[in-house]
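**Student:** Handing you a structure now.
Values quoted throughout were computed directly from the atomic coordinates according to the rules given, and no laboratory measurement underlies them. As the structure is a computational prediction, the values presented were derived from the model and not from experiment. Cβ: placed from backbone, ideal geometry, glycine included. Neighbour counts: every protein chain shown.
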Amino acid sequence: MTAYLARRVLQALVVLVVVTLIVYALLTRVPGSALGAVLGPHAASGFLPRYFSWLNQVLHGNLGFSLLHNEPVSTLLAASLPRTVALTGTAVLLALIVAIPVGMLQAVNKNKLVDHVLRALTLLCYGTPSFVLGSVLILVFAVKLKWFGGEGPQAPGFVGVITDWRDLTLPVLTLALLTIALFSRYLRSSAIDSLAQDYVRTARAKGAGERRVLRRHVLRNSLLPVVTLIGLTVPQILAGAVVVESIFNFQGMGYQLWYAAENHDFPVVLGFTLVIGVGVVAGSLLADVGYALLDPRVRYAGR
Amino acid sequence: MTSSLPATGSGGVQGGRPAGAGEPLLQVTDLHTEIRRAGKLVRAVDGVSLTVGQGESLGLVGESGCGKTMTALSVLRLLPPGGVITSGRVTMAGLDLTAMAETDLERVRGGQIGMVFQDPASSLNPTMTIGDQVAEAVLLHRGNDRRAALERAVQTLRLVKMPEPERVAAQFPHHLSGGMRQRAMIAIALACEPRLLIADEPTTALDVTVQREILELIDELRHRLGMAVILVTHDLGVIAGRTDRIAVMYGGRIVETAATATVLGRPRHPYTEALMRALPELAATGSGRLASIPGLPPDLTEPAGGCRFAARCEHAREYCASRVPELDGDHPGHSYACFFPVAQAADGSAPWLNQLSTANGHPPAAAAVPQQPPVLQVQGLTKHFAVTRGALLARRVGSVSAVDDVSFEIAAGQTFGLVGESGCGKSTVARLIAGVAQPDAGSILFRGADLNQLTGRDLRGQRAGIQLMFQDAYGSLDPRMRAASILREPLLIHNSGRKRAHRRTVARLLDEVGLPPDTADRFARQLSGGQRQRLALARALILQPRLIIADEPVSALDVSVQAQILNLMRKLQRQYGLSYLFISHDLSVVRYMADVIGVMYLGKLVELGPAHEIAASPSHPYTRGLIDAIPAVLTGKDGARPAISGEPPSPTNPPSGCRFRTRCPRAEQICAEQEPPLVPAAGRTGRLTACHFPLPPVPPGGTVQVTANTE
């Protein structure tokens, strides 16, 4: 297990170095001479020495200076990152809570009415653009029914977002509805595979009832590919957050990125891109660790 | 229907339980099971009736698709999706299992009836420990707390003779060898002491040596626990010495049933008889053709009226195709469904058996091997696979010695049989010769040219002369290519001949391997198992090779189809002067096919010599053990000598000296210290043995397991 983890961490680090190289290369190509001042001291010359000095700055938390807000990118990040984590984290959690029973239900009733109806519903949500979905939700639940707020939580920080469930519900729902179809479809097909496995028959031959077969034998083995999928959907969820945060006027990373891109605030764009890159790499790393925890074959094989 | 009979030929296996006393434990009456899949309706079980008495063992035999597994699954209503019992009854000790509510049936499954499945690798949950999986059965039926259930699980693992049961209980299935996994499966089935054990092909996925251990274990537990057993298998040898009664199935029906010795000694149904004649162990060596059953098993989506076997039966008359024969017989306790049963000799034995025993009395004609120049010479072939460990940099911590200093040659027009348990390196030898892997040392001379020295065009030219056949014919054929394209591909790769000529070549080859011309437009999935292997053979032949490497080409096939393929391979060999490197774990098949046999153990060649001589009088204890492990159909008994036990040790750290010494009954101190060289065996010509204490030659007329022995 440790060998496996060490190998995965090392691979992740290599990918991260490549990410920083790309971001830095983009940064140096950015038009506008004002940038030189933003980038910090440049005693060294040549690409690699300059890259290393920039990397040094980045590692010390200096991501540059926002042209627009007139404050360090890191300050901006510190304010928006926890809010986005709260939003997307809740959304993924909700999506899983819905997608797991939906996928299992579909697998058990493969090609029956329930399966078709659920597939149609989840695909409808998946296929609807998030700005349409968000707007419809606002119109129905905030404007007409007045059940929830039409704007995302405005209180600062992670706790501020999490505790304001009235305002949080609609943006979370918009993001979650997009991903439910993704998760449930994967779970459906992998549960169908698991259901056809010989060990499920073995469990039935032991006298296990249907619920026990599904919980103990099918679900755990079916979740394996979904765990990988969660890691791989991190970029998609973050992209969704850009749109959703703009619709709901929610000051998170997506919102800031959007605003910076519109106003040519390149240090912010690239600084945030770097952080998102780190997030994606970390996501797939966590997925691998989760996979190893769930599947003893990976845990011991060490490869 | 017959009630349980006293065993007449299996030597007091009743376990002190009066057979036939009281009502039977399990009674299946006129069972019909259908499977609806993809708009098709398969009548898998079509009116099966059988009984199993307390403590009795019944063998359910038949080829794939005959309905034996579906019958077994119907008993516990564990049918695959689309499977329905349409009529009939299954009662277990007075309880109607077919009418019972699902929740009540769950108490019977695993409680009253335990079940063991074919492939232990896939039948165990990969993400649960062995202990948890056994304990689950206990928890479901005994309602114990977890700790008590785990304790009971360890006890049960000990009962099935699992080595180190406490440690194994904490391990996952992928840590265990095939034999140990099957022991774990049996432990799950036995955890709640069921009164009936249904074992569906329990040893088909295992090596012969392990197979024997598992069968002996089931047998022993049956007597110890006084439970009844239904052994479902395609292999007559598996049930020969171990069941009280046999029911032979064909086309969803039982065609013959009686005491085991009666069915095997005096079969009356032509199908049973044909099945036995197709066994390679019964074929005379040399030019003798294996009896095969023509045609294919019936399609149960649209079963013909009348006798299902009529289309393939040599005794069939017009009458058979229109009327269904009843299952009855002229002797009490021996029922068969046939209008024209196989005639019996005056003494009651089947006439063809007598012919066989005389045929085996003489040394086969092919014994005098004509001196032919070798097509292939393998010298000192060695292959190691590195074992690496370490998180960042893979450090080499050892190596698996897959093939170690193997030398042999194959003469033109001859077959070299390579035998050994799984993991002994026989497939690696095939890969090295085929050029799929590179040897670490040694040379491979093909028609005098060293394949390792050749490059580019020369190498490709020589490679065309060596072709391959695999065990899994379906997996080796591209599912998206039609048969014609599959056959054309080698010609295109080697730019052989003109494209216009290809069509004719393809048609000619299809005809030669006995496939109808319209096969050219078919996909592999539209062919039966035997047809796929014919197609694979045609593909191997299309470049007119000198040598075909056949890696377990018939292991996945039914006995009757296996015989067809083996006959075809021999016919083509004579026709084209082909050489075969024939690899198999099944010594009786190899003995039938090969002129020369090499026996491999843990990467080493331990014995080499003419096939019939090795089979008749092995000199290496390992060869002896392999032969003894083969269950013999006719004697109904395994060899008197204890077969070699356990499984091969890890090839990562092979034992010092002789690699076989850890399992060898004759091993002494010197075996651990010195590795025996492969040298001519004392007192035998043309035989090489790597053993310090080789076995003495068997005197002529002595008993040998591989050959038929009708006494």
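**Student:** Can you report the principal axis dimensions of segment B:84-189 using only the alpha carbons, biggest first, rounded to whole angstrom?
**Tutor:** Dimensions of segment B:84-189 along the principal axes of its Cα atoms: 45, 30, 23 Å.
**Student:** Under a crude label model (7 Å from the Cα following the beta-carbon direction), how far is B:His174 from B:Arg323 in nanometres?
**Tutor:** Each label point lies 7 Å from its Cα, and together they span 6.0 nm.
**Student:** Taking beta carbons within 10 Å but only from partner chains, what does the mean come to for residues B:125-134? All intermediate terms of the calculation are to be shown ahead of the outcome.
**Tutor:** On the way: counts 12, 8, 11, 7, 1, 0, 0, 1, 6, 1.
Shielding by partners across B:125-134 averages 5.
**Student:** Between B:Arg158 and A:Leu26, what FRET efficiency comes out of the Förster formula 1/(1 + (r/R0)^6) with R0 = 51 Å and r the beta carbon distance, rounded to 0.05? Write out the running numbers ahead of the final one.
**Tutor:** Details: r = 66 Å, r/R0 = 1.29.
According to the calculation, E is roughly 0.20.
**Student:** Let me know the mean shielding of B:502-512 by other chains, meaning the per-residue number of their Cβ atoms within 10 Å of its Cβ. Walk me through the intermediate numbers first.
**Tutor:** Values: counts 0, 0, 0, 0, 0, 0, 0, 0, 0, 0, 0.
The mean count of partner-chain Cβ atoms within 10 Å per residue comes to 0.
**Student:** Average the reciprocal distances over every distinct pair of alpha-carbons in segment A:176-217, invert the result, and give the Kirkwood radius in Å.
**Tutor:** Working: mean 1/r = 0.0883 Å⁻¹.
The Cα-based Kirkwood calculation yields 11.3 Å.
**Student:** Give me the percent relative contact order of chain A, please, defined on Cα pairs under 8 angstrom at least 6 residues apart.
**Tutor:** Details: 355 pairs, mean separation 79.7, N = 303.
Here the relative contact order equals 26 percent.
**Student:** A follow-up question, please. Can you compute the FRET efficiency between A:Leu93 and A:Leu121 using 1/(1 + (r/R0)^6), with r the Cβ-Cβ distance and R0 = 22 Å? Round to the nearest 0.05.
**Tutor:** Values: r = 20 Å, r/R0 = 0.91.
FRET efficiency, A:Leu93 to A:Leu121: 0.65.
**Student:** I've got another one for you. May I ask you to evaluate 6.51 cos²θ - 1.76 cosθ + 1.60, the Karplus curve with θ = phi - 60°, for each residue of segment B:491-498 and list the ³J(HN,Hα) values in order in whole Hz, giving x for glycine and proline?
**Tutor:** Result, rounded to whole Hz: 5, 5, 4, 9, 6, 9, x, 8.
**Student:** If each of B:Arg525 and B:Thr103 carries a label point 7 Å out from its Cα toward its Cβ, how far apart are those two points in nm?
**Tutor:** With each label placed 7 Å out from Cα toward Cβ, I get 4.1 nm.
**Student:** Which whole-number percent is the relative contact order of chain B (Cα, under 8 Å, 6+ apart)? All intermediate terms of the calculation are to be shown ahead of the outcome.
**Tutor:** On the way: 1483 pairs, mean separation 90.5, N = 711.
Relative contact order comes out at 13 percent.
**Student:** Okay, moving on. Do the sum for the protein assembly as shown: with -39,500 (n - 2.57) for every DSSP H run of n ≥ 4, divided by all residues, what is the mean residue ellipticity at 222 nm, to the nearest 500 deg cm²/dmol? All intermediate terms of the calculation are to be shown ahead of the outcome.
**Tutor:** Numbers: 35 runs with 437 residues, N = 1014.
Calculated at 222 nm, the ellipticity per residue is -13500 deg cm²/dmol.
**Student:** Sorted by average packing, counted as other Cβ atoms within 10 angstrom per residue and highest first, what order do B:187-196, B:120-129, A:9-18 take? The partial results should precede the final answer.
**Tutor:** Values: B:187-196: 23.9, B:120-129: 20.9, A:9-18: 13.2.
Highest mean packing first, the order is B:187-196, B:120-129, A:9-18.
**Student:** I need the calculated FRET efficiency for the pair B:Leu225 and A:Thr228, taking r as the beta carbon distance and R₀ as 56 Å, to the nearest 0.05.
**Tutor:** 0.80
**Student:** Can you tell me which of B:563-574, B:163-174 comes out highest on packing, and rank the rest after it, using the mean Cβ neighbours within 10 Å? Don't jump to the answer; show the numbers that get you there.
**Tutor:** On the way: B:563-574: 19.7, B:163-174: 17.0.
Highest to lowest by the protection proxy: B:563-574, B:163-174.
**Student:** What is the Cα coordinate range of chain B on the first, second and third principal axes, sorted by size from largest, in whole angstrom?
**Tutor:** 74, 63, 55
**Student:** Quick check: net charge around B:Arg146, other residues with Cβ under 15 Å of its Cβ, Lys/Arg +1 and Asp/Glu -1?
**Tutor:** On the way: positive: A:Arg212, A:Arg216, B:Arg142, B:Arg147, B:Arg152; negative: B:Asp132, B:Glu136, B:Asp145, B:Glu151.
Residues near B:Arg146 contribute +1 overall.
**Student:** Long-range amide H contacts for B:Gly598: which residues qualify at under 5 Å (H placed 1.01 Å from N, peptide plane, sequence gap of 5 or more or a different chain)?
**Tutor:** Answer set, sorted by chain and number: B:Gly417, B:Leu418, B:Val419.
**Student:** Modelled label-to-label distance, A:Ser189 and A:Val278, 7 Å Cα→beta-carbon offset: nm?
**Tutor:** Roughly 3.5 nm, to one decimal.
**Student:** Given the pairs A:Lys206/B:Lys40; A:Lys206/B:Lys161; A:Lys112/A:Lys144; B:Lys161/B:Lys604, which span a C-alpha to C-alpha distance of over 32 angstrom in this model? Numbers along the way, then the final one.
**Tutor:** Values: A:Lys206/B:Lys40 30 Å; A:Lys206/B:Lys161 21 Å; A:Lys112/A:Lys144 36 Å; B:Lys161/B:Lys604 29 Å.
Distance filter (> 32 Å) returns A:Lys112/A:Lys144.
**Student:** Taking 8 Å as the Cα distance limit and 6 or more residues as the minimum spacing, I'd like the relative contact order of segment B:29-186 as a percentage.
**Tutor:** Working: 194 pairs, mean separation 29.7, N = 158.
Across segment B:29-186, relative contact order equals 19 percent.
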